[in-house]
Amino acid sequence: MTEPAEGPRLRRVLRTRDLVWFYVVAVVGMRWVAVAAAAGPSSLLVWVIGAVGLFLPLAFTVLELSSRYPQEGGIYVWTKQAFGDFAGFMTGWTYWGSNLTYLPGILYFAASTALYIFGARFAHLQDSPTYFIVFSLAGLLLAAVLNIRGLQLGKWLTNLGAYATWIPMAVLIGMGFVAAARFGSATPITAHTLVPSFGLKDMIFWATLAFGYSGLEAGSFMGEEIEDPRRSVPRAVLIAGLIIPALYILGTLAILLALPRGQVTGLQGIMDAIVRTGDRVGLAGLGPFAAVLIVVSAMGGVGAWLSAPARLPFVAGIDNYLPRAFGKLHPRYDTPYVALLLQAIVAAVCAVLGQAGETPKKAYDILVSLGIIAYFLPYLTMFPALIRLQREPAGPEVMRVPGGKPAAVLCGAVGFLTSLVAIVLAAIPPADEPHPQRYVVKVVGLSALLVAGGAATYAVGRRRAAARIGG
């Protein structure tokens, strides 16, 4: 077991409040609320199952591991401590790689939503790959510039995105309950309709909602930039852990109360829900205002997911698994600018390639499935790391999983199984996919390529380090 390498000093600029907003904007995806509502009332129970099967184990895992090892690097450091250098590197590599497909997915969603700001004038751009690519590149450039300037500035994009997340969600929730009070529930919600179906199509949907709960571990990547991380991270996780499930469940319920099942689907789902619900309660014209907020929310998510995972190649550069340039800080802003630029450039390439031979809708679906698989791969080592590290002594400063070692083992096992099932289900093509074989090859093949690329990079890094020592 190796100790984390010492690197350049980073500025501690993130407080508990900043972390709470970071978690809200990083985890809450308003697009998943519309997806859940389209599936009907049973999705309410699925949200609860997801909270028990993934969100709670994840929260407790982050609470304990972030207080055990509060250094920069988060999940990379945790798995390295538990299973050694190779496991740590591959965990960090796959996590970083998953973000490269996740960022274009957020940007495609933001691009689609932005068209509502201008009404029907630009609606034809919903089918324009060029528009989605240009929007994605511009969004990545903005987020990269702000984060290279430093988290003191970059965190405001994240904080603003968090406000822009809960405001439209609060408006949607309020309108949904007003509509129900005036007209009754548009969707029958009974004991029968609340029971989820266990068909294959429905299980694939479960994986998507589980993905909606992921992300609480991301704040710990910036451990050296957090004021008193052993106290700030657990506090922020606990606060955000109450807000996030509430937004998902109440948002889904509001749409079901206001609109009949099946009226809200697709890439534009959340905007359809807000516009139609506003029309029902006499708030016509709400669309452009809501669209602005949702775009800002999505850009806050881009800022969060660009800044945090970029610390992985930064720490790997310090550990000499990647070229030393990745471990350098900007001479003026003290930020890992090489890692940030690499993250933005590769994400931009993914945004362009994601459109290759596909419509924006199909490209979005592929990016979501690929993102789910790649994102949950690191969880297959993170949750076992919680179990493995129970053998390490924990000082009084460590916040343990409530219930001690038995509860920690249970959390790790449940989180691992949920992640494994989500990976398998995400590889199954949607029922309406006209080319299912091509879909599977694209999703599974790119995931395998990501893993192989990580193993090769690690091998090269080890040889480079050995040569440096030998020389």
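Summary table
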{"read-out": "Count of residues meeting criterion [surrounded by 11 or more Cβ atoms within 10 Å (Cβ to Cβ), free of Cβ contacts under 8 Å to residues at least 40 places away in the same chain and over 16 Å from SER369 (Cβ atoms)] in the stretch 429-460", "value": "2"}
{"read-out": "Some residue of the stretch 319-342 being in a helix (DSSP H, G or I), at pLDDT below 70 and surrounded by 24 or more Cβ atoms within 10 Å (Cβ to Cβ)", "value": "no"}
{"read-out": "Candidates LEU137, LEU100, LEU157, LEU172, filtered to the one that is surrounded by 21 or more Cβ atoms within 10 Å (Cβ to Cβ) and closer than 28 Å to ALA448 by Cα", "value": "LEU100"}
{"read-out": "Selected residue (only one of LEU425, LEU380, LEU370 is of a type in the set (A, V, I, L, M, F, W, C), at pLDDT 90 or above and part of a helix (DSSP H, G or I))", "value": "LEU380"}
{"read-out": "ALA394 hydrophobic (A, V, I, L, M, F, W, C) and surrounded by fewer than 15 Cβ atoms within 10 Å (Cβ to Cβ)", "value": "no"}
{"read-out": "Residue among ALA144, ALA138, ALA164, ALA179 that alone is in contact (Cβ under 8 Å) with a residue 40 or more places away in the chain and either over 20 Å from ASP272 (Cα atoms) or of a type in the set (S, T, N, Q) (or both)", "value": "ALA144"}
{"read-out": "Hits in the stretch 248-276 - residues which are touching a Gly at 6+ places or on another chain (Cβ under 6 Å) and either farther than 24 Å from GLY50 by Cβ or at pLDDT below 80 (or both)", "value": "ARG261, VAL275"}
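The values are calculated or read from the model by the stated rules, or taken from the named source; none is laboratory data. Just so we're clear, the structure is a prediction, and the values are computed from it rather than from any experiment. Neighbour counts are summed over all protein chains in view; Cβ atoms, including those assigned to glycine, are modelled from backbone coordinates with ideal geometry.
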